[in-house]
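Heads up, the thing below is written out as structure tokens.
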Amino acid sequence: ATQNRAVTKQDYEAMCYKMPPMFGLLKRVKAVRDSDSFKRNINLYVISEDNFGKLISSNSSIKENLKIWLNKNRMINDTIDILDTNIINFGIEFEIVVEPNAERMETLSNATREVKKEFSRLRDIGEPLFITDVYTALKKANGVLDIIKVDITSKVGTLYSDYSINISQNLSPDGRYIVIPDDSIFEIKFPDLDIKGTIK
């Protein structure tokens, strides 16, 4: 009935990922219905990555190619705005207690490695950051007896994105996760620098 046209938000996201690589590469895409629009307008948030695997805004050529690619499959009443995604760079700081018979620095290294492994997966646009994932990773590390605290910090400056959020104001009531707008994405840009642990 829809003649292979994009109807739902998920359809539009799937179409974006099917765009031939010769037209440009998208790392993440999120389609959001524009509640402020009187028409069936869709805000399409996109993000790409550079040669080092770090997130960057999709360039104008990619966005123009994407618009042409989608136009042939969109519903006639739909309008599409292709928008940049805000990158939220963050860091993780944790403090642990080491088991009595464990080697302290080796345990700290194990803990840091487990957190890096957990956060090597790039989150989706608009996906919350679960602080509980840090605790889960730390519990997997050999030699960790207890976890004293975990702090999530904003990373801004020359090497990072110029966009940030107030971590405490976006914390869920139960303290388990940090929410972000639909137009943003979390990224640990430099895991070796941005993930730090200490021993009590």
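The values are calculated or read from the model by the stated rules, or taken from the named source; none is laboratory data. Not measured: the values here are computed from a predicted model. Cβ sites come from the backbone with ideal geometry, for glycine too, and all protein chains shown count toward neighbours. What goes into the accessible areas is simple: the full protein's heavy atoms, side chains included, and nothing from ligands, DNA or RNA. Shrake-Rupley method; radii C 1.70, N 1.55, O 1.52, S 1.80 Å.
Figures for the structure shown
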item: Given (1) on the phi > 0 side of the Ramachandran plot; (2) modelled with pLDDT under 90, number of the condition Gly53 does not satisfy; result: (2)
item: Flag if Ile47 is at pLDDT 95 or above, among the hydrophobic types (A, V, I, L, M, F, W, C), open to solvent by less than 60 Å² (accessible area, probe 1.4 Å) and outside any strand (DSSP E or B); result: no
item: Residues within the stretch 79-109 that are buried (at least 18 other Cβ atoms within 10 Å of the Cβ) and within 29 Å of the chain's Cα centre (by Cα), tallied; result: 14
item: Unmet requirement for Glu127, which otherwise passes all of (1) over 13 Å from the mean Cα position of the chain (by Cα); (2) surrounded by fewer than 18 Cβ atoms within 10 Å (Cβ to Cβ); result: (1)
item: Conditions (1) crowded, with 16+ Cβ neighbours inside 10 Å; (2) more than 24 Å from Ile56 (Cβ to Cβ): number failed by Glu118; result: (2)
item: Test: residue in the stretch 142-153 that is touching a Gly at 6+ places or on another chain (Cβ under 9 Å), in contact (Cβ under 8 Å) with a residue 60 or more places away in the chain, crowded, with 16+ Cβ neighbours inside 10 Å and not hydrophobic (A, V, I, L, M, F, W, C); result: no
item: Close pairs (8 angstrom Cβ cut-off, 6 or more residues apart or separate chains): part of a helix (DSSP H, G or I) in the stretch 7-24, modelled with pLDDT under 90 and among the basic types (Lys, Arg) anywhere; result: Lys9/Arg33; Asp11/Arg5; Tyr12/Arg74
item: Sole exception among (1) part of a loop (DSSP other than H, G, I, E, B); (2) more than 30 Å from Leu108 (Cβ to Cβ) for Gly53, by number; result: (2)
item: Neighbours by Cβ (under 8 Å, 6+ apart or cross-chain): first from the stretch 157-179, in contact (Cβ under 8 Å) with a residue 24 or more places away in the chain and surrounded by 10 or more Cβ atoms within 10 Å (Cβ to Cβ); second acidic (Asp, Glu) and part of a strand (DSSP E or B); result: Ser161/Glu187
item: Checking Tyr12 against (1) open to solvent by less than 30 Å² (accessible area, probe 1.4 Å); (2) aromatic (Phe, Trp, Tyr); (3) at pLDDT 90 or above, the condition it does not meet; result: (3)
item: Residue within the stretch 115-122 that is in contact (Cβ under 8 Å) with a residue 40 or more places away in the chain and either closer than 19 Å to Thr85 by Cα or β-branched (Val, Ile, Thr) (or both) present; result: yes
